[in-house]
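Q: My questions will all concern the structure given below.
The values are calculated or read from the model by the stated rules, or taken from the named source; none is laboratory data. Nothing here was measured: the structure is a model prediction, and the numbers come from that model. Neighbour counts are summed over all protein chains in view; Cβ atoms, including those assigned to glycine, are modelled from backbone coordinates with ideal geometry.
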Amino acid sequence: MTQSIGQTLPGLIRLHEAARRDRRLRFNNLLHHVMVELLEKAYYGLNRRAASGVDGEDWKSYGEGLQARLIELHTRLHTNRYKPQHVKRIWLTKANGKQRPIGIAAIEDKVVQQALAWILEAIYERDFLGFSYGFRPGRSQHQALDAVYMAITVRKISWVLDADIKGFFDAIDHTWMMRFLAHRIADKRLLRIIERTLKCGVDENGKRERTVVGTPQGAVLSPLLGNIYLHYVLDLWVHQWRKRMARGEMTIVRYADDSVIGLQHRDDGQRFVRELKERLGKFGLSLNDEKTRLIEFGRFAQNNRAQRGKGKPETFDFLGFTHMCSRRRSDGGFTLKRYTIAKRQREKLKQVKQVLKRTRHRHRFDVGRWLKRVVQGYLNYFAVPGNRRALDAFRAEVCRAWLRALRRRSQKGAGLPWKKMARLIRQFIPSVRVLHPYPNQRLRV
DNA sequence: GCTGTGCTTAC
RNA sequence: UUUGUAAGCACAGC
């Protein structure tokens, strides 16, 4: 299990342990942990190649005269004179053509937020419940997927609720957020800095707006604040509901604002959705109705549905995979099958082809090396148990795209490195027979 | 075990 | 004009 940097800093380890010893302790005088030394560590922990914020300052330029700047920042923080700058808003075009806003905080504010994030993390990592996976040190989307797999295959789960919170990060209520933080933090100065960060405002081409709701996009602190919000709004509540209200078995896996809830009984599911909506509503949140469904799913769903004259169970999407009910080939028992969401795979392939197309014109670019890195990056993602088919299909597709690009290059007079290609393809798809291209100049994958 | 490049995914 | 957190992989170094 890996740890975050925050958990290795001497002062913060003590915080971490104090939080564990006393679950109700409210921490005072937290701001004294924000020392010049911590700010410096925070600076070096930031992404060095990130774009500059509203003041045009990037990582490198901020580093000139760093010590003096950090000392000055430190005194501003401790004399209540620190005010975060506006977050620069830019619009990105997504793969599907829609526009998505992104926020770029000023580098100085990122430094402050990184230091605060380490402090909050030292406290809250002890409080968070085991079924929360998103944005937490030592926890990944694969672990969340495994948890869903285990829940559905070993527990008595017949119904699955796939719940998605509508515009979660933009919907966070500042007043509630500050109240939640006050459960663990008594230091008014620290709370004030966090509140100012929430209310820093956005700047779009010089036009400034206040932020009255939501946690700023692109802020270092945002993922952690989101987890803290849902810890109080959802996690603790679900935990109680499972113990007190559920008639049958119940499991939950949450990754940021995306949750999968497994239930034994249908009426538990229906009651839970109703009460969940009510609960979220109290805190300014609502479910995304198109993406939220209660479906019959699991070990018993196939037979139950067959008896009622219904078809195969429905499928649900979670963390990039389509989950479906299936049977083992050996004994016909239940298994959970996961496939990469087909649409995303096609989008990715399109991007790979685009890059390959561009490389035609760059001679000094080593396509083989690049492809090796790219495909290896994908390996980990696709190599989830039950998804072998998608992996092989994708690798084959990438190799074909690569071949086509090289073939075009050869038409421009460059020779084809057949031997090298054959070796690479064998490495990526061991099961495939790579035929030598001569004399008919065709390589089949 | 830790750092640093490069790449991928999730949200 | 490509932000944030987390995880993984490859390569390099100690």
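Q: Do you know which residues across the stretch A:1-44 are in contact with a Phe, Trp or Tyr (Cβ under 8 Å, 6 or more places away or on another chain), away from DNA strand B (no atom under 16 Å from the Cβ), modelled with pLDDT of 90 or more and not small (Gly, Ala, Ser)?
A: Once the filter is applied, which keeps residues that are in contact with a Phe, Trp or Tyr (Cβ under 8 Å, 6 or more places away or on another chain), away from DNA strand B (no atom under 16 Å from the Cβ), modelled with pLDDT of 90 or more and not small (Gly, Ala, Ser), the stretch A:1-44 yields nothing.
Q: Looking at the stretch A:75-91, can you tell me whether even one residue there is farther than 19 Å from A:THR211 by Cβ and within 16 Å of DNA strand B (Cβ to nearest atom)? Before the answer, list the steps.
A: Start the filter on the stretch A:75-91 by keeping residues that are farther than 19 Å from A:THR211 by Cβ, which leaves A:75-81.
Retained after the next criterion (residues that are within 16 Å of DNA strand B (Cβ to nearest atom)): none.
No - not one qualifying residue is present in the stretch A:75-91.
Q: What is the residue count in the stretch A:298-321 for residues that are more than 16 Å from RNA strand C (Cβ to nearest atom) and closer than 13 Å to A:VAL160 by Cα?
A: Pass one, the stretch A:298-321, residues more than 16 Å from RNA strand C (Cβ to nearest atom): A:298-317.
Right, trim to closer than 13 Å to A:VAL160 by Cα and you get A:298-301, A:313-317.
Within the stretch A:298-321, residues that are more than 16 Å from RNA strand C (Cβ to nearest atom) and closer than 13 Å to A:VAL160 by Cα number 9.
Q: Something else: All but one of (1) over 22 Å from the mean Cα position of the chain (by Cα); (2) modelled with pLDDT of 80 or more; (3) within 16 Å of RNA strand C (Cβ to nearest atom) hold for A:GLY333; which doesn't?
A: The single condition A:GLY333 does not satisfy is (3).
Q: Quick one: which helices (runs of 4 or more DSSP H) sit completely within the stretch A:136-207 and have at least 2 residues that are among the aliphatic types (A, V, I, L, M) and farther than 26 Å from A:GLY281 by Cα? Steps first, answer last, please.
A: Values: elements: A:141-154, A:168-171, A:174-182, A:188-198.
Ranges flagged: A:141-154, A:188-198.
Q: Is there any pair linking a residue in the stretch A:255-267 that is polar (S, T, N, Q) and modelled with pLDDT of 95 or more to one that is within 16 Å of DNA strand B (Cβ to nearest atom) and assigned to a helix (DSSP H, G or I), with Cβ under 8 Å and at least six apart or on different chains, and which?
A: Between residues of the stretch A:255-267 that are polar (S, T, N, Q) and modelled with pLDDT of 95 or more and residues that are within 16 Å of DNA strand B (Cβ to nearest atom) and assigned to a helix (DSSP H, G or I), the close pairs are A:SER259/A:LEU234.
Q: From the set of residues in the stretch A:309-326 that are out of contact with any helix residue (DSSP H, G or I) (no Cβ under 8 Å at 6 or more places or on another chain) and under 18 Å from A:ILE152 (Cα atoms), which is modelled with the lowest pLDDT? Talk me through it step by step, then tell me what you get.
A: First, the residues of the stretch A:309-326 that are out of contact with any helix residue (DSSP H, G or I) (no Cβ under 8 Å at 6 or more places or on another chain): A:309-310, A:314-317, A:324, A:326.
From what's left, under 18 Å from A:ILE152 (Cα atoms): A:314-317, A:324, A:326.
Details: A:GLU314: 92, A:THR315: 94, A:PHE316: 95, A:ASP317: 93, A:MET324: 91, A:SER326: 88.
My answer is A:SER326.
Q: Ok, one more. For the stretch A:172-191, which residues satisfy the criterion of being among the charged types (D, E, K, R) and touching a strand residue (DSSP E or B) at 6+ places or on another chain (Cβ under 8 Å)?
A: As a first pass, look at the stretch A:172-191 and keep what is among the charged types (D, E, K, R): A:173, A:179, A:184, A:187-189.
Listed by number, the residues that qualify are A:ARG184, A:ASP187.
Q: Hey, any hits in the stretch A:170-192 for a residue that's within 16 Å of DNA strand B (Cβ to nearest atom) and either surrounded by 16 or more Cβ atoms within 10 Å (Cβ to Cβ) or under 30 Å from A:TYR149 (Cβ atoms) (or both)? Full working, then the answer.
A: Step one: list which residues in the stretch A:170-192 are within 16 Å of DNA strand B (Cβ to nearest atom), which gives A:170-172.
Filter once more, keeping what is either surrounded by 16 or more Cβ atoms within 10 Å (Cβ to Cβ) or under 30 Å from A:TYR149 (Cβ atoms) (or both): A:171-172.
Within the stretch A:170-192, one or more residues are within 16 Å of DNA strand B (Cβ to nearest atom) and either surrounded by 16 or more Cβ atoms within 10 Å (Cβ to Cβ) or under 30 Å from A:TYR149 (Cβ atoms) (or both).
Q: If you scan the stretch A:16-59, which residues turn out to be within 13 Å of RNA strand C (Cβ to nearest atom), exposed (fewer than 15 other Cβ atoms within 10 Å of the Cβ) and in a helix (DSSP H, G or I)?
A: Across the stretch A:16-59, the qualifying residue is only A:TYR44.
Q: Return a yes/no flag: does the stretch A:155-168 have any residue that is out of contact with any Cys (no Cβ under 6 Å at 6 or more places or on another chain), surrounded by 18 or more Cβ atoms within 10 Å (Cβ to Cβ), aromatic (Phe, Trp, Tyr) and farther than 30 Å from A:HIS33 by Cβ.
A: Among the residues of the stretch A:155-168, at least one is out of contact with any Cys (no Cβ under 6 Å at 6 or more places or on another chain), surrounded by 18 or more Cβ atoms within 10 Å (Cβ to Cβ), aromatic (Phe, Trp, Tyr) and farther than 30 Å from A:HIS33 by Cβ, which makes the answer yes.
Q: Go through (1) within 18 Å of A:GLU204 (Cβ to Cβ); (2) within 16 Å of DNA strand B (Cβ to nearest atom); (3) part of a loop (DSSP other than H, G, I, E, B) for A:ASN96 and report which single condition fails.
A: The number of the failed condition is (1).
Q: So, in the stretch A:97-117, of the ones that are touching a Leu at 6+ places or on another chain (Cβ under 6 Å) and over 11 Å from A:ALA219 (Cβ atoms), which residue ends up nearest to RNA strand C (Cβ to nearest atom)?
A: A:ILE102
Q: Now a separate question. Applying the selection to the stretch A:89-111, what residues are among the β-branched types (Val, Ile, Thr) and touching a helix residue (DSSP H, G or I) at 6+ places or on another chain (Cβ under 7 Å)? Steps first, please.
A: Quick first cut of the stretch A:89-111, residues among the β-branched types (Val, Ile, Thr) only: A:90, A:93, A:102, A:104, A:107, A:111.
Once the filter is applied, which keeps residues that are among the β-branched types (Val, Ile, Thr) and touching a helix residue (DSSP H, G or I) at 6+ places or on another chain (Cβ under 7 Å), the stretch A:89-111 yields A:ILE107, A:VAL111.
Q: Quick one: count up the residues across the stretch A:254-302 that are closer than 18 Å to A:THR315 by Cα and among the hydrophobic types (A, V, I, L, M, F, W, C).
A: Residues that pass the stated criteria total 8.
Q: Scan (1) modelled with pLDDT of 90 or more; (2) under 27 Å from the mean Cα position of the chain (by Cα) for the single condition A:THR93 breaks and write down its number.
A: Exception for A:THR93: condition (1).
Q: Any idea how many residues of the stretch A:118-143 are more than 10 Å from RNA strand C (Cβ to nearest atom) and of a type outside the set (Phe, Trp, Tyr)? Explain how you work it out, then say what you get.
A: At the first step, the residues of the stretch A:118-143 found to be more than 10 Å from RNA strand C (Cβ to nearest atom) are A:119-120, A:122-132.
With the extra rule that they be of a type outside the set (Phe, Trp, Tyr), the set shrinks to A:119-120, A:122-123, A:125-127, A:129-130, A:132.
So the answer is 10.
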